[in-house]
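This report concerns only the one structure given below.
No lab work stands behind these numbers, since they all come straight from the coordinates. Quick caveat, the model's predicted, so the values are computed rather than measured. Positions of Cβ are backbone-derived with ideal geometry, glycine not excepted, and every protein chain shown enters the neighbour counts.
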Amino acid sequence: MAEQNVITSMLEDLSAEQSIQTALCIGQDLTQYDNNQAIQWQYFNATDFLNLPFTQRFDLAFVLLNTDEMASIILQHKSQLLVKLRDLMAKKIVVVCQRQDEQLLRSLGFTQLIDKTTHDSDFALWQFNILTYKHVPDWFNSKFWANPENWNKFRW
């Protein structure tokens, strides 16, 4: 399981990137790792979370897929849980999982934070941030769409 200092330093880094006031955790209760108690945590187990109605959007969701509770959940329920978090419940998601879940997370648009080849343990760290999910390409602006200066010069 993740060490307390790793989780604490990760929370500090995430708070430095953007303000985190509300957070939820699934798989393990992480309220004891928040030293300054600045974040309002809510803990859910996986089955309760899947039945939870949408009432608010959290700033951060922390999911531990490599716990004993989550090991008993089938792949379809993991996928439903992550999609619900991504689309409705959280602005930023951090997932700690085993290497076997790599294909699922990559297919859902998550990006890898820790390269799995740099350590010997069977875990990987993934994130989804709605603010940085899709970069706007250069061609997607008004400069390339309507060029009135070229209307009589080129045949389109």
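Worth pointing out:
- Debye log10 I(q)/I(0) for the range 19-134, one point scatterer per Cα, at q = 0.16, 0.19, 0.20 Å⁻¹: -0.73, -1.04, -1.16
- The residues Ser15, Ser107, Ser79, when put in order of fewest to most other Cβ atoms within 10 Å, stand as Ser107, Ser79, Ser15.
- Amide H contacts of Leu24 (H built 1.01 Å from N, under 5 Å, at least 5 apart or other chain): Gln42, Leu60, Ala61, Phe62
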